[in-house]
Structures are given as C-alpha cells and as structure tokens.
1. For region 16-283, give the magnitude of the charge dipole about the Cα centre (Cβ charges: +1 Lys/Arg, -1 Asp/Glu; no others), in debye to the nearest 20.
2. Which cross-chain or sequence-distant (5 or more) residues have an amide H under 5 Å from the amide H of Thr239, H modelled 1.01 Å from N in plane?
3. Going by average Cβ neighbours within 10 Å, how do the peptides 160-166, 40-46 rank, with the highest at the top?
4. Placing unit charges on C-beta atoms (Lys and Arg positive, Asp and Glu negative, everything else neutral), compute the dipole magnitude of region 101-223 about its Cα centre in debye, rounded to 20.
5. Could you work out how far apart the two model spin labels at Arg236 and Ile196 are, taking each label as a point 7 Å from the Cα in the direction of the beta carbon, and quote it in nm?
6. Highest mean first, what order results for 210-219, 52-61, 231-240 on Cβ atoms within 10 Å?
7. If I stretch the segment between Ala140 and His209 completely, what's the gain in nm (0.36 nm per residue apart, minus their alpha carbon distance), one decimal?
8. Lysine pairs in region 16-283 with Cα distance under 26 Å, only those 8 or more apart or on different chains: how many are there?
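Read the figures in this text as sums done on the coordinates, not as results from a lab. The shown structure was predicted, so the numbers you read here are calculated from the model rather than taken from an experiment. Note: ideal-geometry Cβ built from the backbone for every residue, glycine included; neighbour counts use all protein chains shown.
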Amino acid sequence: MTRISPHDTPRNRTFEPEILFLLSAVALNSGNAIAKAQFDTANPAALAWLRMFGAMVVATAIAGPRKLRAKSWTRESLRAAAVFGLSTGLTSTFFYLAIDRLPLGKGVAIEFIGPITVAAVLTRSRRNAIALVCAIAGVAILSGVEIGDEPLGVLFILLAAASWAVHIVSGAKVARGHSGIDGLAMAFVFGTIFTIPFGLADADAVVSHLWLIPLGLAVGTLSSVTSYGIDQRILRKVTVRHYSVLLAMLPIVSSLFGYVVFDQTPTGWDLVGGIFIIAGIALQER
C-alpha cells in the first residue's frame, strides 16, 4: 500500500502518530467508562446508539449542514461513509454488549483480533512481521479469558472485532476522501440511522431517565468525535497497517482505565502482555 505521507520515512521518523493515538485512546476510554457506569440504568445497546446519536449531533453542528449536502459528495465517497458509519455503529454496540460481561481491558484485548487481521494482511517485511508477532503475543496474554466462562460476552467481542476491521479499512477511505469533520459527520448520520433498532431496545429506560441523552452527547463527543477525529488525522499520516499495529496500545490504556475506574486490577501476566505490545509498536517500520 502506498504511504499517505511522503515524510513518513525511517530517516524522518517521529512519534507524532503514537502521541496522537494515545490522546485518542484516552478520549475513547473516557467515554467508554462513562457509558459502562450506566449499564445498570439502560441496555448497553441503547447506550451505544445514544453515543452514535450524540456524535452525529456534535459532528454535524461542527461541520455545518452545507458540508453534508448530497451534491458535494460522490457516490463512492457516500458509499465509504455509509460503510464506515455502519461498521462504527456495530463496533460500539457489540463492544458495549461485551464489556457488560467482560472486564474492559480484556474485552479490548480480544477485540484487537480485528486490527491484528488487518495488519497481518498488509504486512510485507520481516521486521513488520516480527512487530506483528509481538503485538499478537501481547494481545494473547492480555486476553486470558476462557470462552466457557462468558460465551456470550466472547461472541459479542468477536463480532465487535469483525466490525472493527471493516471500520479501520473504511475509515482510511473516508480520511482520504473528505477532510476534517465532514467525513465523520456523514458517517455518523448513516451510523445513527442504521442502528436505530438498537436504540429502540430500551427506549423506555431512556424516556424514564432523560439525563441519558446529554450523557450520550458527552460519550459521543469523547469516544467518537474526538477519538475518531484524531484517528482520521493519523490515517492521513501513516499506512493502514501501521495504524492497525498502533491500535495495540488500546488494551494497555483500557486496562489502566479498568483499574482506576472499575477496580479491575491487572495481573502480572497483563503487564507482560503490555510489554510485548509496546515492543511490537517500537519495532514496526514507519
């Protein structure tokens, strides 16, 4: 695959993508932590839809209605935004259903099967292959969940992983096709429409607790508009493969959030897994 940035060479190597991704991961997990704390109030699928709806409202307000007029979009760019929006909505929905049953950090670790698959398909050099093996080893160690303990949780997280893989590839197309918030706003419009059935899953709870609506705006702003907006900037600077390996940092950040917010203490093996993931990120070619 052709690199998007001509400056992304070994000699001019910088860690800007890594720093940006850490900011994205913090925003994403902040929103996830807020949403997870309300799983006893409303169905996780309904909360995932509120997140998508909130992201659509905020992104559309920033982009402005004129930027979303159909005449300014080609059929191909609309198709890419639709796929990105649908995959984003499904990823959030299945992920929320999964972390209702699994620890946050380990759920993200298993979900990483999606990005790992994308990176594996796009890996071309021996060094990248070694980096990928390190990342896979770290994720395998971090996962540490027996399928028999939570089969439904594992099923949901695997569905989230598959949706995430599509999200990565389609997100790169949207990043190249439309600049800034425009592509995200259109994708969130599609995602909100496609996932309405999930939003209706627990409509009574939302009506009974109207404060969930502004909460959805907050979660959508953090986990979708801010996080995915940063990701779009990253995808203009690096290859899809590089971005997929960067995603290996997510289980580490998620484990920290699980520990701080939900008292989900990481084990020694979790720390070992984190070391392998960091090694994989450091080894990869830019």
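1. Numbers: 19 positive and 15 negative charges, 300 e Å.
Dipole of region 16-283, to the nearest 20 debye: 1440 debye.
2. The list, which skips near neighbours in sequence, is Ile4.
3. Values: 160-166: 21.7, 40-46: 19.7.
Top to bottom by mean Cβ count within 10 Å: 160-166, 40-46.
4. Numbers: 7 positive and 7 negative charges, 154 e Å.
So the dipole magnitude of region 101-223 works out to roughly 740 debye.
5. 3.3
6. Working: 210-219: 17.7, 52-61: 23.4, 231-240: 20.2.
Put in order of decreasing packing, that is 52-61, 231-240, 210-219.
7. Values: separation 69, 0.36 × 69 = 24.84 nm, distance 3.92 nm.
Full extension from Ala140 to His209 adds 20.9 nm.
8. Values: Lys36/Lys106; Lys67/Lys173; Lys67/Lys237; Lys71/Lys173; Lys173/Lys237.
Close lysine pairs found across region 16-283: 5.
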